Structure formats: structure tokens, C-alpha cells
1. Quick one: which residue in 32, 65 is among the aromatic types (Phe, Trp, Tyr), buried (at least 18 other Cβ atoms within 10 Å of the Cβ) and modelled with pLDDT of 95 or more?
2. Could you tell me how many of the residues in region 17-63 are acidic (Asp, Glu), farther than 24 Å from residue 165 by Cα and either more than 12 Å from the ligand (Cβ to nearest atom) or touching a His at 6+ places or on another chain (Cβ under 7 Å) (or both)?
3. Please determine, by comparing only the residues of region 90-121 that are small (Gly, Ala, Ser) and more than 14 Å from residue 153 (Cβ to Cβ), which one is surrounded by the most Cβ atoms within 10 Å (Cβ to Cβ).
4. Scan region 137-157 and report the pairs whose first residue is surrounded by fewer than 16 Cβ atoms within 10 Å (Cβ to Cβ) and whose second residue is among the hydrophobic types (A, V, I, L, M, F, W, C), with Cβ atoms within less than 6 Å and a gap of 6+ or a chain change.
5. Looking at residue 121, is it in contact with a Pro (Cβ under 6 Å, 6 or more places away or on another chain), within 16 Å of the ligand (Cβ to nearest atom) and not hydrophobic (A, V, I, L, M, F, W, C)?
6. Under the condition of being within 12 Å of the ligand (Cβ to nearest atom) and among the small types (Gly, Ala, Ser), which residue from region 83-114 is farthest from residue 162 (Cα to Cα)?
7. Which members of region 96-113 meet the condition of being among the small types (Gly, Ala, Ser) and in a helix (DSSP H, G or I)?
Amino acid sequence: MAPRERALKRRPRRNLHVRLVVGISGASGVVYGIRTLEILKKLGVETHLILTEAACETIRLETDYKKTDVEGLATEAHRIGDITSKLASGSFRTDGMAIIPCSMKTLSGVASGYADNLLLRAAEVTLKERRRLVLVARETPLTLIDLENMATASRAGAVILPAMPAFYHRPKTVDEIVTQVALKALDLLGVEHELGHEWEGSGSYDRREKA
Ligand SMILES: Cc1cc2nc3c(=O)[nH]c(=O)nc-3n(C[C@H](O)[C@H](O)[C@H](O)COP(=O)(O)O)c2cc1C
């Protein structure tokens, strides 16, 4: 059994009552959002998923998943146009929200408060209720508009987590790189896990090489 699978089997009980909103927008890297849902499902976290229309297209173009497969990973999937959803109200308590990946269009909606779909409304609710909002922004290069939107969203309380994997763990596969970005987002949302992507100091390299 792979180390990640073993760690997921020993899921920390502290996540049993954690409730998160996961938004997937139409930026490249929808697999980051899918991996996030897979991990949260195995950890027993309650998840509420919102997919934008562009995300459904990107899932079709970039992955072998069907929209229904992705929705099936969440505890509950919500329609992007359903502005009457419980996620549109601050009275529905959550422990935070990640938009992963976050397109520049969705970022601009968050930064300007233009909440014309359920994803943007849920993000607005997360900010107004002073809950943690993690935006896994994905675009390159960035325009001044994107940079200013990031600064505005950050000032409003969001955490900007660009989809920029680190390489000091020496990932061997794309799968490891994807998981690392997903775990970084989950760390920022306070999800307890033992999937170990913490940097242990350069001594860990020396130990690994001697082993
Ligand atoms: C294959 C594909 C990849 C894309 N990658 C990005 C991206 O990395 N970043 C981005 O901001 N937009 C990207 N786009 C464009 C967005 O999908 C588009 O701006 C869309 O209107 C975003 O809508 P949404 O934020 O409601 O999902 C991509 C589109 C496609 C089809």
C-alpha cells in the first residue's frame, strides 16, 4: 500500500465535523480541485461543491472525469445558478472555502463583490462571515488587473495561494505535485491530516541519501 493510502486510512478523528465549501472554476488545473475532493472524502470531511460552467468544460478537456464523477466526490453538489442554495447564506455555518483552481474571472468577481453566481456568492459569504477563503489562483503571466484583484481579495481577508508547486520535496510524479498543492490549500483551511508534506530541514535529504 502506498504511503499516502496508508496515511489516509489513519484519518484523524478531528475532521469528523469539519464542513468545507469547494469551488472549481474554469482555470487550467481542475485536477487540483478534484484531488482536494478525493482527499477530503477519505478524511471524512463534509464537502459542498460548486462547479462553474467553464469548470465543466475544463474537466472535459483536461481530465478523464465526467462532471457526475466529480460531483460524486462531494457530500453535496450545488448548482452554479442556484442562488437560493444554503451556501448563499451566512447562517449556514462552514469552516471555510477553497476555490481551486481559481480563474482570473472568478478572482475578479471575488475582489469586486460581483456575486452573480453561487460560487461568487459563497465566496462573498465566506469573507463577510470572517471565515477562511483560499483562492488557488491559476494564470500566467498575470496582468496588472489580476495582481490588483489579488491584492484587493487579500486585503478583504482571502488567502491567495497561487498554484505554484514546490520542488524541494523532489516529487517523482505529476500526481505528487498535484497532491502537494491540494494539501497546501487544506493546511490553510486547518484540515488535520498525516499526509506529511512538511519540510523537515535539509538534514532529511542527508538521511534519505544514507538510507
Ligand atoms: C482549457 C482551458 C484552460 C483555461 N485556463 C485558464 C487559466 O489557467 N486561468 C484563467 O484565468 N482562465 C483560464 N481559462 C479561461 C476561463 O475558463 C474563462 O475565463 C472562464 O470564463 C472562467 O469562468 P469561471 O471563472 O466562471 O469558471 C481556461 C479555459 C480553458 C477552456
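The values are calculated or read from the model by the stated rules, or taken from the named source; none is laboratory data. All values derive from a computational prediction rather than experimental measurement. Note that each Cβ is placed from the backbone with ideal geometry, even for glycine, and that neighbours are counted across all protein chains shown.
1. Values: 65 fails: buried (at least 18 other Cβ atoms within 10 Å of the Cβ).
Answer to the selection: 32.
2. Counting residues in region 17-63 that are acidic (Asp, Glu), farther than 24 Å from residue 165 by Cα and either more than 12 Å from the ligand (Cβ to nearest atom) or touching a His at 6+ places or on another chain (Cβ under 7 Å) (or both) gives 1.
3. Only one residue tops the list, namely 96.
4. Once the first residue is surrounded by fewer than 16 Cβ atoms within 10 Å (Cβ to Cβ) and sits in region 137-157, its partners that are among the hydrophobic types (A, V, I, L, M, F, W, C) give 154/160; 156/127; 157/127.
5. no
6. Looking at the filtered set, the residue picked out is 109.
7. Within region 96-113, 108, 109, 111, 112 meet the criteria.
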